[in-house]
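Comments concern the structure below.
Bear in mind these aren't lab numbers, they're just calculated from the coordinates by the rules spelled out. Owing to the predicted nature of the structure, the values given are computational and were not obtained by experimental measurement. Don't worry about glycine lacking a Cβ; one is built from the backbone with ideal geometry, like all the others, and counts go over all protein chains shown.
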Amino acid sequence: MLSRTAENLYWLARYVERAEYLARTIDATLRVTALPAAYIGKTNEWDSALLTAGVAAGFYQAYEEANEHNVVEYLSFSPNNPSSIRNCIEAARLNSRSVRTALTSEMWDTINSAWIELQAVWSKGTSTREDLAKFLRFVQETSLRFDGSAYRTMLRNDAYWFSRMGVHLERADNTARILDVKYHVLLPEEEHVGGPLDFYQWSSILRSVSALTAYHWVYRETLKPWLIADLLILNDTLPRSLASCYGNLVRNLDQIGVAYGRQGPAQRHARGIRNRLEHSNMNDIFQHGVHEFIQEFITDNSRLGEIITKQYLI
Amino acid sequence: MAAAFDEMNIPGGDLRPAYQELARWLKETPPEALEYRRQEAELLFRRIGITFAVYGDSESTERLIPFDVIPRIMSGKEWALLEKGLKQRVRALNMFLRDIYHGREILRAEIVPDDLIFQNPVFRPEMNGQQVPHDVYVHIAGIDIVRVDAEDFIVLEDNARTPSGVSYMLENREIMMRLFPDLFARHKVAPVERYPDELLAALRSVAPQGASGEPTVALLTPGVYNSAYYEHSFLADKLGIELVEGRDLIVKNNEVFMRTTEGLKRVDVIYRRVDDDFLDPLTFRPDSVLGVPGLMSAYAAGNITLANAVGTGIADDKAIYSYMPDIVKFYLGEEPILKNVPTWRCREPKDLAYVLDNLSELVVKEVHGSGGYGMLIGPAATKATIEAFRDKLKREPEGFIAQPTLALSTCPTCTESGLAPRHVDLRPFVLTGSKSTTIVPGGLTRVALKEGSLVVNSSQGGGTKDTWILDE
């Protein structure tokens, strides 16, 4: 397929995934900030939301204070934030238009309808909490529809695999960023300095990767920070865990390698990361330092993005 | 101006045979039902994303072309005549181009004046002596046809460069079949859906000699911001070929390749929807970022086929148009089946004098204009507009031609005050491959939605209709 087509498919999937992640982050932050201060401590959750979205620097150039109004505006609608939800959907539509021939009509319909709704209903942003909740639901449903359409209607060929790679790479980045910002509340028992206050922080983290119910199914335990870290990093049954994302990335890259009859640096690099995740356990990671581990992962993950681009997309 | 020929109603109250079933159906169908389906059609178009861009319109960069749900119907007999005339005309266009870029017999016979060719900016000296596979220059032609009476089809304009609109022919049919299955059950409408297959076959048949048995065809688009981008992606999809932009292609050793995820892949035929001027910055406009550097040298080396060929503009130029009846006779020795609109060439002093005396009755067109821009419709224009145009004409007479205002035929059309006659034209698409010339039965009917208006261009408030050829 055309390199440009593969590139567009890959970025299209990333934009949609990112939009959903932002919606989840806002949603989780709204919940936790709705609690009385006594339950969540003194941290500014809106500031954390900016950090996990990786846009804090740009935000503080435009605004003084990270409060609900400003952060929701910046993450959702701001034309000046290149990865605001609105810009993600616009970019997704533009990418879709450039690769219409590689999309199924269901996928196109999802993105095009979302873009139409964005203009028709949400062009002025949201004014009430209720509105905002509706908007966030709309974004999440768009992503679910897009993912579902891709899964159910695309041919299983390189177009599909490049699209899936975009999803998994973006997802891994998002999960890792939450961990990066929140690692201090996810330390093992003996090092843990917080208190019951952190319960709400923990549930908020899980909610932002839609894993609250999954946690209970997997561990049948009350929320324990080290188990949360285990779930998000190493448990490959959770679709948003780093391990699961890398299981999928390695598989997609292998499928491409087989179809093209050739492996390359992208396959080797992805396999390296996957192997490290497979052979790690939480004890080692804590010993080594969660923060260091996560930062290393974020660097490795974006390196994979660069390698894929060089090998296939340009 | 005489009363327009109505394609449904015969003066006196009778119906033309092709429309009888439709008229019965319309009687049975309440207006609300029609309105409801009209809205549904609009929704479908918007969802599919069939939009076009209007240049210089910052308000909305993507607009829908209004769609009228009442089909335009022609009998099989009428079509048979039209088809014959179209094939004849396109055959002559191809022979003319071959001659202009080779022996130039028609110039030596003094049928077409030299300067009209050599001083014409759309004449491409790069094409002199250049062989094109099977001598086909115009693989895809869109011939604009109007009717003024029951007998004659008149060619308004030949489009031999990169004619657009065929996606509307196909999508209009698709949507009509979805919305009005009952109406189709009551008519025998000839299908149009094999157009993409025929187009692909035609394109493959003109692959260069060095191409493999399964030549690779790609569609070259200027990109998402082009007004016809939807059509480009639609066609690439239906043909199952790659939709490429200039930056996806690269020329190496005079061969054209596309950049793919598996490395470079050779391309044999390019269905290009990029104008000559932008094709290759090394040969034409150096500032073009839409083109492919080196494409023209690969073309000259015979390693790539461009469809349509470079330089076809010289055949559909409005200045050449008036010579078309002679061109047909010269190459084919036949009488032209399709008529021309009588045309005054303002470059000729006698014609210019007549035009200046009769501006308020005539349509004056720029020789190099398209899309209905820059033309004067005398009967509809104000005095001031006419005077302004008179100055332009005097300053640069060779830039204009003039034609009588034609009473384009009318068809019943949905309007705010119910069904009413509106003026229409027709653009059938003629495909020429190595062995044959084919036309799917139908085309794009454009309709001027404003009462009395004769301008059918989509950029100026025109709409479209599904075109039915009855298979009797």
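Here is how the numbers come out for the structure above:
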item: Environment charge at B:I175 (Cβ cut-off 12 Å; Lys +1, Arg +1, Asp -1, Glu -1); result: +1
item: Compactness relative to 2.2 N^0.38 Å, alpha carbon Rg of chain B; result: 0.98
item: Of all DSSP beta bridges in the protein assembly as shown, antiparallel share, percent nearest 5; result: 75 percent
item: Range of Cα positions in the stretch A:261-314 per principal axis (Å), largest first; result: 40, 20, 8
item: Tensor-based shape of the stretch A:157-314 (alpha-carbon gyration tensor, a/c under 1.5 rounded, otherwise prolate or oblate); result: prolate
item: Convex hull of Cα atoms in the stretch B:241-320, direction-averaged projection (nm²); result: 5.7 nm²
item: Whole-Hz couplings from phi, Karplus 6.51/-1.76/1.60, listed for the stretch A:121-136; x for Gly and Pro; result: 9, 10, 5, 9, x, 10, 10, 10, 4, 5, 4, 4, 4, 5, 4, 5
item: Lys/Arg +1, Asp/Glu -1 at C-beta; the stretch B:312-423 dipole; positive extreme among B:L419, B:A380, B:Y323; result: B:A380
item: Long-range Cα-Cα pairs in chain A (distance over 27 Å), rounded percent; result: 44 percent
item: Expected-Rg normalisation [2.2 N^0.38 Å, Cα atoms] applied to the stretch B:302-454; result: 1.24
item: Selection from A:I298, A:G264, A:H279, by position along the positive dipole direction of the stretch A:262-301 (Cβ); result: A:G264
item: For B:L156, distant residues with modelled amide H under 5 Å away; result: B:D144, B:I145, B:V146
item: Whole-number Å³ per residue for the convex hull built on Cα positions in the protein assembly as shown; result: 195 Å³
item: Dipole magnitude of the stretch A:168-314 about its Cα centre (Cβ charges: Lys, Arg +1; Asp, Glu -1), debye to nearest 20; result: 680 debye
item: Total charge dipole magnitude, the stretch B:368-472, about the Cα centre, Cβ charges on Lys, Arg, Asp, Glu only, Debye to nearest 20; result: 300 debye
item: Descending semi-axes in Å of the stretch B:127-268, equivalent ellipsoid built from Cα gyration tensor; result: 33, 21, 15
item: Stokes-Einstein D for the stretch A:1-123, Kirkwood Rh over Cα pairs, 37 °C, 0.692 mPa s (µm²/s); result: 210 µm²/s
item: Globularity index of the stretch B:312-357, i.e. its alpha-carbon radius of gyration over 2.2 N^0.38 Å; result: 1.31
item: Positive-end residue, chain B charge dipole about Cα centroid, Cβ charges, pick of B:I337, B:V363, B:V455; result: B:I337
item: Relative contact order (%) - the stretch B:264-309, alpha-carbon pairs under 8 angstrom, separation at least six; result: 41 percent
item: √(5λ) per eigenvalue of the Cα gyration tensor, the stretch B:277-327, largest first, Å; result: 27, 14, 7
item: Dmax and Rg, reported as Rg then Dmax, of the stretch B:99-159 (C-alpha, Å); result: 15.2, 44
item: Test item: Cα-centred dipole of the stretch A:227-312, Lys/Arg +1 and Asp/Glu -1 on Cβ, debye; result: 420 debye
item: Stokes-Einstein D (µm²/s) once Rh is taken as the Kirkwood radius of the stretch A:1-57 over alpha-carbon pairs, at 37 °C in 0.692 mPa s; result: 245 µm²/s
item: Fraction in percent of alpha-carbon pairs per bin - 10 Å, the stretch A:55-175; result: 12, 40, 34, 13, 2
item: For B:37-48, mean number of other protein chain Cβ atoms within 10 Å; result: 1
item: Projected area averaged over orientations for the stretch B:206-358, convex hull of C-alpha atoms, nm²; result: 13.4 nm²
item: Residue-averaged 222 nm ellipticity for chain B, from DSSP H runs of 4+ at -39500 (n - 2.57), nearest 500; result: -9000 deg cm²/dmol
item: For chain A, calculated [θ]222 nm from helices alone, where every DSSP H run of n ≥ 4 adds -39500 (n - 2.57); result: -23500 deg cm²/dmol
item: Rounded if a/c under 1.5, otherwise prolate or oblate - the stretch A:115-243, Cα gyration tensor axes; result: oblate
item: Reachable aspartates and glutamates, given that their alpha-carbon falls under 17 Å from the alpha-carbon of B:K87 and they are not under 8 places away in the same chain; result: B:E78, B:D135, B:D144, B:D152, B:E157, B:D158, B:E198, B:D316, B:D326, B:E334, B:E335
